Structures are given as C-alpha cells and as structure tokens.
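Only the coordinates and a few stated rules stand behind these numbers; no lab work does. Note that the structure is predicted; figures quoted are calculated from it, not measured. So basically every Cβ, Gly included, is an ideal-geometry build from the backbone, and we count neighbours across all protein chains shown.
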C-alpha cells in the first residue's frame with residue numbers, strides 16, 4: 001500500500017492510494033518509525049446504532065494513556081484502566097529483552113496524567129499494566145478492581161488490602177452512576193502460542209516483587225464501563241484474546257480492542273466484532289512502543305500490522321468507524337476530538 005502524508009492545521013492527513021480513502025487523524029502522527037494509515041470513511045456513531053443516546057457523548061471523555069491504558073472522566077469523576085505511564089526500558093523493542101529488568105515508577109510522569117481517580121481497573125498483572133498501580137493506589141486512595149493475583153501483588157507492594165476488590169468475571173458493579181461489568185477474558189499469545197510470565201497467585205509472593213518477571217499474568221479480565229443510564233459504554237481490553245461466549249450480548253458503544261501481534265488466535269478480529277454485535281466505533285490499542293515516553297507521538301510496535309487490523313474490521317463491519325488515538329487528544333463519548 002502506498003500513501004501520501006502531509007500536515008494541515010496541526011492535523012495529519014493521510015491519503016491511501018491502495019484503499020482510495022482519506023481521513024484526518026487529530027493530534028500526533030503514529031510515529032516516524034511507521035507510516036500513517038487511514039481510518040474507515042464510515043461516519044456512523046454510537047447514537048446512530050441505538051446503543052447509547054446522542055446526548056451521552058458529552059457526559060464522558062476519554063484519554064488514551066498508551067498501551068492498553070485509558071483515563072475516563074465522567075463529570076468530575078475519574079476511572080483509570082491499566083494505567084502504565086512510566087514506560088521504562090526492558091529491551092523488548094530492540095531485541096535485548098531482559099526479564100530481570102527492575103520495576104520502576106516515575107511519580108511526576110504518572111501524576112501528570114491521572115487526575116484524581118476514584119477507581120482503577122486492572123486487566124492483568126504484567127508490568128505494562130500493573131507497574132504504576134501501586135503508586136496510584138497509595139497516593140490517591142483509589143479503589144483497585146482486579147484478579148486475586150493482582151490483589152496479592154499489590155498488597156506485597158504496600159497497597160492497603162481494603163482498597164482492593166477481587167473479581168473473577170461476571171460481576172456487575174455499581175459505583176454510584178458508573179457501572180462496571182467485569183468480563184472473564186484471555187491473554188494474547190505469540191507465534192508459538194505462548195506468552196511472557198504466565199501463572200497465578202493464590203497467596204502472597206514469598207518476596208516483594210522487584211523485577212518484571214515477578215509480575216505473572218494472573219488471569220486476564222476485560223471491563224465494560226458505562227457512564228450513567230444512557231452511556232456511553234466502553235469495552236476495554238488489556239490483551240488481544242477473549243472469551244467469545246463471555247462477550248456476547250455486551251453491545252458496547254465503543255470497543256477499545258487490543259491489536260494482535262500474531263495470528264495465533266483463530267479469526268480474532270472477526271469473531272470479536274461479531275460477538276460484540278459490530279460496535280459503531282472501534283479504537284485499536286496496545287499497538288504502540290510502550291518504552292517511548294508519552295510526551296511525543298505514538299511509535300508503532302513493529303510487530304503490529306495495523307493495516308491488516310483495519311482491513312479485517314472493514315470486512316466484517318463496514319459501517320464501523322475506526323479511530324486511531326493519540327496521546328494528546330481528549331475524546332468525547334463518540335470518540336471525536338473534544339476539549340479538555
């Protein structure tokens with residue numbers, strides 16, 4: 001596929017000859033290491049599809065925190081999902097991965113992005129999802145919702161056990177106007193159908209976790225967060241696999257879908273979109289190099305085939321609008337650029 005790219009009024013405009021389409025991606029480019037790709041031309045919004053109401057778009061805002069992370073603001077209330085902001089180097093993206101890399105948190109970096117959260121949702125316990133959660137929990141008092149493994153790791157890392165709600169999937173939790181449905185899910189797999197640091201904890205670790213290998217996956221969850229009675233509802237994934245039976249009937253307005261790095265999961269995108277009843281808006285996540293600081297533009301993980309992901313969404317659900325997010329844009333409940 002060949003492309004022409006230029007910048008107009010601070011936006012990046014990409015014209016794709018191969019797909020014969022054109023779109024505007026607000027904010028930063030996808031990074032110099034990867035070409036920009038277009039989103040779909042369809043303009044159907046969540047309200048058009050009968051899931052939420054058109055007025056619900058202004059009741060919540062969304063900020064991508066990179067990787068799988070999100071900050072969702074509903075009025076003056078903040079929910080975080082998988083907030084990994086320190087983004088320290090492990091060698092993962094340069095061929096020198098070191099599983100003994102020490103865990104790190106940079107408080108000034110984290111605090112600049114999180115607001116004052118009252119709720120932190122954790123999909124699983126790998127470092128690129130959990131490493132900054134102890135700092136956030138201890139400094140803000142936010143309630144953390146996650147697996148038993150997440151519970152044991154956080155307590156070992158100094159978080160008050162009373163702040164943590166252990167869930168397994170299937171729970172429908174009401175946080176006073178913000179509803180959280182916990183969805184049992186699965187971790188993504190590489191070309192060998194394996195993944196880093198599997199395993200669960202049913203008791204506290206024998207020593208305080210100090211390296212990334214000390215944080216096992218510990219089972220994986222997805223979450224559907226709904227603002228108020230009329231939405232919007234957002235389906236949030238931390239890894240690129242899922243339980244097809246578990247997600248059927250969710251029908252979210254927005255689907256934040258993790259991009260796969262391999263084809264190990266059979267027909268991942270088509271099955272997921274059909275199970276979710278082809279959401280009006282799909283937002284690809286977990287496709288960026290999460291060892292590059294958030295103060296720049298997203299740089300694509302070279303293992304991620306965004307063009308193939310887009311093509312699969314278009315084939316299964318041509319009316320779906322695909323939004324490739326950036327780090328610096330606040331989106332409204334329809335995932336259209338809004339104001340801070």
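Quick notes
- Ranked by how many other Cβ atoms sit within 10 Å of their own Cβ, fewest first, the residues 138, 191 fall in the order 191, 138.
- Estimated Rh, the stretch 162-234: Kirkwood, alpha-carbon pairs, angstrom: 14.8
- Length gained on full extension, residue 303 to residue 165, computed as 0.36 nm times the residue gap minus the Cα-Cα distance: 46.2 nm.
- For the stretch 249-325, the spread of Cα coordinates along the three principal axes comes to 36, 26, 19 Å, biggest extent given first.
- Stretched out straight at 0.36 nm per residue, the stretch from residue 190 to residue 295 would grow longer than its current Cα-Cα span by 34.9 nm.
- Surface/4 of the Cα convex hull for the stretch 128-185, nm²: 4.3
- Sorting 189, 248 by the number of Cβ atoms found within 10 Å of their own Cβ, with the fewest placed first, yields 248, 189.
- In terms of other Cβ atoms within 10 Å, 195, 84 run from fewest to most in the order 195, 84.
- Label-to-label distance, residue 202 versus residue 109, with points set 7 angstrom from Cα along the beta-carbon direction: 3.7 nm.
- As a calculated quantity, the FRET efficiency between residue 316 and residue 211 at R0 = 51 Å, using C-beta atoms, amounts to about 0.80.
- Computed over the stretch 232-279, the ratio Rg/Rh where both radii use C-alpha atoms and Rh is Kirkwood: 0.93
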